[in-house]
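A quick write-up on the structure given underneath.
The values are calculated or read from the model by the stated rules, or taken from the named source; none is laboratory data. Just so we're clear, the structure is a prediction, and the values are computed from it rather than from any experiment. Quick reminder, even Gly has a Cβ in these numbers, built from the backbone with ideal geometry, and neighbours come from all protein chains shown. Quick note on the areas: whole protein, heavy atoms, side chains included, nothing else; ligands and nucleic acids left out. Shrake-Rupley method; radii C 1.70, N 1.55, O 1.52, S 1.80 Å.
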Amino acid sequence: MTSTRARRQSTLELVAARIRAHVVDMCAGPEGGHLGGALSSADILAALYFSVLNVDPQRTDDPDRDRFVLSKGHAAVGLYAALAERGYFPVEELTTYGRPGSRLMGHPVRAVPGVELPTGSLGHGLALGCGFALAHRYAGRDARTFVLLGDGELQEGSVWEAAIAAASLRLERLTVIVDRNGLQLTGATDGIAPLEPLADRWRSFGWAVRDVAGHDPDELARHLDAGPWEPGRPSVLIARTVKGRGLPFLEGRSSSHYVTLSPRNHARAVRALRTTEDAG
Amino acid sequence: MSRATREAYRDSLLPLLHRHPELICLDSDTGLFNAAYAEEAGEQYLNLGIAEHNLMGIAAGLAACGRVPFVNTMAAFAASRALEAIKIDIAYNRLPVRIMATHGGLAAGHLGPTHQALEDLAVMRVLPGMTVVVPADAAATEAFVEQSLGLGGPLYVRLGRKPTPPLPLAPAPVIGRAQTLRQGGDVVLAGCGPYPVLACLAAADALAGEGIEATVLNMHTLRPFDTETLVAAARPASLVVTIEEHWCHGGLGGAVAETLAEAAPTRVLRLGVPDQFVTEVGNHEHLVAHYDLTAERLVRTVHSALSPAAR
Ligand SMILES: Cc1ncc(C[n+]2csc(CCOP(=O)(O)OP(=O)(O)O)c2C)c(N)n1
Ligand SMILES: [Mg+2]
């Protein structure tokens, strides 16, 4: 029609758009879901599952596969959408999210194909990732390990215990992505416990750091595909994102954290995503 | 009217903060307190971020200096993640920290095993000096918050998430004293928490219709345990059945079995969540029904235990 798109969307952008659409649908179900943090992670998940991760949905037990841990497990709806799009299970199954009889719980469980280990209690994922990376090294495998952390999650001390371990073990095939959306459950992360200078903090722990804009999946993939960035060091990509990204009426608000979308707001969200896509 | 016990607690705390300047509300980004509440509470509210072990340690330090912290987190994170700080920094020192633990039992529903707390009562009631309570409704929650003011050592309060129905009119609950909601000489039904206690009452009604008289105990305090009331109720009875939103081991059923084995040997059957991590998806009510923590199950349990074949 009269759409005046500046350019065609890339494959990864289209995937991210589909992830967002699924997330919005799941959050309109009876239990709702962690909408804001799933939307801020959508481009990261698209980059991981459609460019970076060396995985095969048909061979989920392949010992040589790359490992991914969603440490901010509450973004489960985003992970489920990415896994379904990647072919781990039928996209139709997403409609069962949170409902009796489903295997799609509010936080990732191992019953779901593609989920490596269950998460949901914040602050566990990076230690798990260190374990994966160490096991790969012992086994002489090239496989890489990726861990997605929330920025509020960085307040958990266990994250920093694992950060120390990763650097001292020289886990260069371990990469962290921090979804730096600036918000946690109650409000602004920097109002509750300031994290800046975040890049310097990670650097002082012995990590290779890149601090980038977090909503261009092709750019994210370019960084993540090329690791390690510094020999002998684990890598951390600080992705500057917007919580609730794609839904102007929720973007940048902590009220986007957990949402049960009413039918009216669901329709509004679906419309908003279409508009954003067209403008893309 | 149905009401969430966590909200009843939150709302009853605010006036107490004003009256008792030594109280302080320590949050860990739970979302239970909004900006207006924080404003009202002033310096007596502090969101320490997502760091539960740290939360307990800071509470212990404050308590050692005369403050009385109400710390807020989910039951799962208190009982597992922050447990060492609770054991060593709080319980060991007998400090008056009030651990306000939401999403107790199956209340986390579809959020899954990371957020459900099916171990917390076992873990907390084994700690020397810890008082452990499970209010069965909003009114009991308010009563316990008020009574905590006179309590010396640490206190663990297991709260819910979504609204749950109130108990029918009953004598006001007192920490440390089991509530006898109904008297009968044949069997004892003992529960804690909203749905289990309501199930006991409904089961007692159904059993009375068949001529089986049940005593119903709301065992809201797991420590110190009201041995006297339990033993008195169990003496004339041939059977005690417990029910709780907890793994079968170590919780209320464990406390009842341990107590009666020593003081008044009686057959005890324990109903709880089976000995495995929850795999079923669904909300609180769905999970309670799925694991059959219901009046019907209590009645069936009594029937089969009292049947001539079983005797
Ligand atoms: C140990 C633990 N404490 C508290 C919570 C409850 N909780 C879930 S998400 C969340 C906020 C997380 O903020 P952030 O890491 O910034 O995630 P995002 O903004 O990406 O959603 C909290 C407090 C939890 N899941 N685990
Ligand atoms: Mg955040």
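Values computed for the structure shown
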| item | result |
| --- | --- |
| Residue match in the stretch B:96-109 (condition: assigned to a helix (DSSP H, G or I), within 13 Å of chain A (Cβ to nearest Cβ), surrounded by 24 or more Cβ atoms within 10 Å (Cβ to Cβ) and within 16 Å of ligand 1 (Cβ to nearest atom)) | yes |
| Exclusive hit being touching a Ser or Thr at 6+ places or on another chain (Cβ under 8 Å), open to solvent by less than 20 Å² (accessible area, probe 1.4 Å) and either within 21 Å of B:Ala257 (Cβ to Cβ) or assigned to a strand (DSSP E or B) (or both), set B:Gly160, B:Gly184 | B:Gly184 |
| Hits in the stretch A:93-119 (condition: within 11 Å of chain B (Cβ to nearest Cβ) and at positive phi) | A:Gly98, A:Gly101 |
| Single residue of the stretch B:110-122 satisfying the filter (assigned to a helix (DSSP H, G or I) and away from ligand 1 (no atom under 16 Å from the Cβ)) that is least open to solvent (accessible area, probe 1.4 Å) | B:Leu121 |
| Identity of the residue in the stretch A:137-156, open to solvent by less than 10 Å² (accessible area, probe 1.4 Å) and assigned to a helix (DSSP H, G or I), that ends up farthest from the other protein chains (Cβ to nearest Cβ) | A:Leu154 |
| Complete set of residues in the stretch A:188-214 that are within 16 Å of ligand 2 (Cβ to nearest atom), open to solvent by 10 Å² or more (accessible area, probe 1.4 Å) and part of a loop (DSSP other than H, G, I, E, B) | A:Ala193, A:Pro194, A:Glu196 |
| Residue match in the stretch A:216-239 (condition: within 16 Å of ligand 1 (Cβ to nearest atom) and part of a loop (DSSP other than H, G, I, E, B)) | no |
| Residue selected from the stretch A:176-187 under the condition assigned to a loop (DSSP other than H, G, I, E, B) and more than 6 Å from ligand 1 (Cβ to nearest atom), by the criterion nearest to the other protein chains (Cβ to nearest Cβ) | A:Thr186 |
| Positions within the stretch A:25-47 being out of contact with any strand residue (DSSP E or B) (no Cβ under 6 Å at 6 or more places or on another chain), part of a helix (DSSP H, G or I) and more than 11 Å from ligand 1 (Cβ to nearest atom), in sequence order | A:Asp25, A:Ala42, A:Asp43, A:Leu45, A:Ala46, A:Ala47 |
| Test: residue in the stretch B:227-238 that is in contact (Cβ under 8 Å) with a residue 60 or more places away in the chain and buried (at least 17 other Cβ atoms within 10 Å of the Cβ) | no |
| Neighbours by Cβ (under 9 Å, 6+ apart or cross-chain): first from the stretch B:113-124, more than 14 Å from B:Thr73 (Cβ to Cβ) and of a type in the set (A, V, I, L, M, F, W, C); second modelled with pLDDT under 95 and part of a loop (DSSP other than H, G, I, E, B) | none |
| Positions within the stretch B:124-143 being closer than 23 Å to B:Tyr92 by Cα and open to solvent by less than 40 Å² (accessible area, probe 1.4 Å), in sequence order | B:Met124, B:Arg125, B:Leu127, B:Gly129, B:Met130, B:Thr131, B:Val132, B:Val133, B:Val134 |
| Of all residues in the stretch A:116-136 being assigned to a loop (DSSP other than H, G, I, E, B) and more than 16 Å from B:Leu111 (Cα to Cα), the one that is nearest to ligand 2 (Cβ to nearest atom) | A:Gly123 |
| One residue from B:Val273, B:Val288 being open to solvent by less than 40 Å² (accessible area, probe 1.4 Å), hydrophobic (A, V, I, L, M, F, W, C) and within 14 Å of another protein chain (Cβ to nearest Cβ) | B:Val288 |
| A:Val15 away from ligand 1 (no atom under 16 Å from the Cβ), outside any loop (DSSP other than H, G, I, E, B), of a type outside the set (Asp, Glu) and farther than 26 Å from A:Leu128 by Cα | yes |
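Residues are listed down the side, and each one gets a yes or a no for (1) hydrophobic (A, V, I, L, M, F, W, C); (2) within 16 Å of ligand 1 (Cβ to nearest atom):
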{"position": "A:His124", "(1), (2)": "no, yes"}
{"position": "A:Arg144", "(1), (2)": "no, no"}
{"position": "A:Leu148", "(1), (2)": "yes, yes"}
{"position": "A:Gly157", "(1), (2)": "no, yes"}
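Matching residues to (1) assigned to a loop (DSSP other than H, G, I, E, B); (2) free of Cβ contacts under 8 Å to residues at least 60 places away in the same chain; (3) open to solvent by less than 50 Å² (accessible area, probe 1.4 Å); (4) touching a Lys or Arg at 6+ places or on another chain (Cβ under 7 Å):
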| site | (1), (2), (3), (4) |
| --- | --- |
| B:Phe33 | yes, yes, yes, yes |
| B:Tyr37 | no, yes, yes, no |
| B:Glu40 | no, yes, no, no |
| B:Glu43 | no, yes, no, no |
| B:Leu46 | no, yes, no, no |
| B:Ala63 | no, yes, yes, no |
| B:Thr73 | no, yes, yes, no |
| B:Lys87 | no, yes, no, no |
| B:Arg94 | yes, no, no, no |
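Conditions tested, residue by residue: (1) assigned to a helix (DSSP H, G or I); (2) surrounded by fewer than 24 Cβ atoms within 10 Å (Cβ to Cβ); (3) more than 16 Å from ligand 2 (Cβ to nearest atom).
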residue: A:Val55; (1), (2), (3): no, yes, yes
residue: A:Arg59; (1), (2), (3): no, yes, yes
residue: A:Ala81; (1), (2), (3): yes, no, yes
residue: A:Tyr88; (1), (2), (3): no, yes, yes
residue: A:Gly106; (1), (2), (3): no, no, yes
